[in-house]
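The values are calculated or read from the model by the stated rules, or taken from the named source; none is laboratory data. From a predicted model like this one, the values you see are computed outputs, not experimental measurements. Glycine also receives a Cβ, built like all others from the backbone with ideal geometry; neighbour counts cover every protein chain displayed. For accessibility, only protein heavy atoms count, side chains too; no ligands or nucleic acids. Shrake-Rupley method; radii C 1.70, N 1.55, O 1.52, S 1.80 Å.
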Amino acid sequence: MKLESFWQATAPTFNGAATGALPSTAEVVVIGGGFTGVSTALNLARSGINVVLLESGEVMSQASARNGGHCNTGVAQNFASLVESQGIEQASRFYRAYDDAVSYVEQLVREEQIDCDFRLCGKLKLASKASHFPGLRSAWQLMRDTVDPEIELISKDDIRREVGSDAFHGGLLQKRGGQMHMGKFGIGLAEAAARSGAKIFPHHAVTGLTRLDGYRHRVSTAQGEIIADKVMMATGVSNEGPFPWFQRRIVPVGSFIVVTEPLGDELINQVLPKDRTYVTSLNIGNYFRTTSDRRLVFGGRARFAVSNPTSDTRSGDVLRAAMTALFPQLGKSRIDYCWGGMVDMTADRLPHAGEQDGVFYSMGYSGHGTQMSVWMGRVMADLLAEKRNENPWQRDTWPALPGYHGKPWFLPLAGLYYKAKDRLS
């Protein structure tokens with residue numbers, strides 16, 4: 001078993017990195033080389049804007065290439081709960097933003113001819129307990145009447161047609177859900193940005209950010225400084241760098257994933273005959289999908305812990321046990337890859353984007369970032385270029401988490417709380 005991301009291990013090499021010294025000035029400096037940052041750089045470069053992207057490690061080396069590979073419509077939380085907290089108009093706007101985001105990813109794949117196994121296959125949320133099905137039914141009724149007329153409720157009697165397991169009590173099918181190879185897409189997106197004129201500098205960690213006036217900043221790295229007319233923060237969960245304001249508002253929550261050996265069509269058809277993306281209804285649940293070479297990608301918050309080799313290995317054992325409990329057919333299947341990554345969670349489990357003290361930002365996707373981060377790159381590029389502002393995630397305030405300064409000391413307590421909720425639900 002390899003302790004590395006399947007997406008990264010099977011992705012092409014990025015060949016578009018800028019060479020030579022940092023330029024002394026740029027119209028926009030983007031900090032962060034994941035989906036948000038690279039999409040922002042691509043869209044700015046397409047508009048003829050001089051953009052420099054700085055990434056502390058390799059391009060697409062963190063959350064953008066360490067996730068479960070889903071590209072789905074729908075918000076992170078229950079839609080009915082979102083309506084209750086935000087009102088139907090705002091909740092519907094958020095939901096439709098995710099639908100637009102999936103469409104935009106599909107458009108980029110087509111326009112830039114990115115070979116990444118993208119396909120729309122539908123997302124199925126599975127009721128892990130009989131008591132969870134009424135909630136899915138309520139969500140189906142509300143969403144069907146307001147934001148998604150094609151949504152489908154699947155009963156317990158029919159769920160076996162979708163999933164080869166006796167563990168589930170029905171499901172909710174959102175037909176616009178999709179998937180792709182995250183590593184291939186990410187590198188393809190970065191190559192497209194470089195072709196369009198963006199200057200991408202891997203291994204250029206930002207060590208200082210000094211506001212000069214208005215939006216202008218001096219951006220410092222170990223390799224030199226650059227004066228930016230505007231700065232765009234796309235660092236996600238990173239607790240590295242001189243960004244305390246953002247780090248007090250983003251909680252890194254570990255998510256862990258295993259990938260099996262190639263299983264073959266016959267076994268895949270037994271386990272997942274409709275071959276969609278899947279998520280279970282537990283608070284500490286699982287998500288899974290197949291790959292083009294017929295592996296199963298199976299993930300979840302196996303342990304409320306940070307990602308490191310020891311933690312990833314332990315989490316891999318937990319995930320294998322969960323996988324075989326749901327699908328006994330896979331009891332003898334080998335695990336080839338195991339890794340962890342950090343989800344940039346916010347208190348309200350919604351993204352946040354806008355401008356703070358002269359710095360533009362978009363982050364906090366809370367486990368639903370694959371599609372939204374790419375789409376927000378376009379939205380923020382339009383905002384930076386002063387073309388238009390269609391940012392759905394701009395809020396008047398973004399409070400810091402009380403008692404939190406970047407180290408998530410409370411994660412074990414949160415894990416106990418959600419485990420108790422799952423037992424009692």
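Data overview
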item: Given (1) in a loop (DSSP other than H, G, I, E, B); (2) open to solvent by 40 Å² or more (accessible area, probe 1.4 Å); (3) modelled with pLDDT of 95 or more, index of the condition Tyr287 fails; result: (1)
item: Qualifying positions in region 10-24 - on the phi < 0 side of the Ramachandran plot and either out of contact with any strand residue (DSSP E or B) (no Cβ under 7 Å at 6 or more places or on another chain) or surrounded by fewer than 14 Cβ atoms within 10 Å (Cβ to Cβ) (or both); result: Thr10, Ala11, Pro12, Thr13, Phe14, Asn15, Thr19, Ala21, Ser24
item: Selected residue (only one of Glu55, Glu27 is in contact (Cβ under 8 Å) with a residue 40 or more places away in the chain and surrounded by fewer than 19 Cβ atoms within 10 Å (Cβ to Cβ)); result: Glu27
item: Hey, Asp265 out of contact with any His (no Cβ under 6 Å at 6 or more places or on another chain), free of Cβ contacts under 8 Å to residues at least 60 places away in the same chain, under 30 Å from Arg294 (Cα atoms) and of a type in the set (D, E, K, R) or not; result: yes
item: Enumeration of residues in region 340-362 that are at pLDDT 95 or above and assigned to a strand (DSSP E or B); result: His352, Ala353, Gly354, Glu355, Gln356, Val359, Phe360, Tyr361, Ser362
item: Test result for Pro399, touching a Lys or Arg at 6+ places or on another chain (Cβ under 8 Å), open to solvent by 10 Å² or more (accessible area, probe 1.4 Å) and either modelled with pLDDT under 95 or not basic (Lys, Arg) (or both); result: yes
item: Complete set of residues in region 123-172 that are touching a residue at least 60 places away in the same chain (Cβ under 8 Å), hydrophobic (A, V, I, L, M, F, W, C) and part of a strand (DSSP E or B); result: Leu124, Leu126
item: Of all residues making up region 379-395, the number that are more than 21 Å from Arg96 (Cα to Cα) and not small (Gly, Ala, Ser); result: 3
item: Residues of region 190-239 that turn out to be touching a residue at least 12 places away in the same chain (Cβ under 8 Å) and assigned to a strand (DSSP E or B), as a count; result: 24
item: Any helices (runs of 4 or more DSSP H) falling wholly within region 1-105 and containing at least 3 residues that are more than 18 Å from Gln179 (Cα to Cα); result: 35-46, 79-86
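Rundown of residues vs (1) over 23 Å from Gly406 (Cα atoms); (2) more than 19 Å from the chain's Cα centre (by Cα), yes/no style:
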position: Ser311; (1), (2): no, yes
position: Gly316; (1), (2): yes, yes
position: Phe327; (1), (2): yes, yes
position: Ser333; (1), (2): yes, yes
position: Asp336; (1), (2): yes, yes
position: Asp344; (1), (2): no, no
position: Ala347; (1), (2): no, no
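Residues are listed down the side, and each one gets a yes or a no for (1) in contact with a Phe, Trp or Tyr (Cβ under 7 Å, 6 or more places away or on another chain); (2) surrounded by 14 or more Cβ atoms within 10 Å (Cβ to Cβ); (3) on the phi > 0 side of the Ramachandran plot:
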{"residue": "Arg211", "(1), (2), (3)": "no, no, no"}
{"residue": "Tyr215", "(1), (2), (3)": "no, yes, no"}
{"residue": "Gln223", "(1), (2), (3)": "no, yes, no"}
{"residue": "Asp229", "(1), (2), (3)": "yes, yes, no"}
{"residue": "Met233", "(1), (2), (3)": "yes, yes, no"}
{"residue": "Val237", "(1), (2), (3)": "no, yes, no"}
{"residue": "Pro242", "(1), (2), (3)": "no, no, no"}
{"residue": "Arg249", "(1), (2), (3)": "yes, yes, no"}
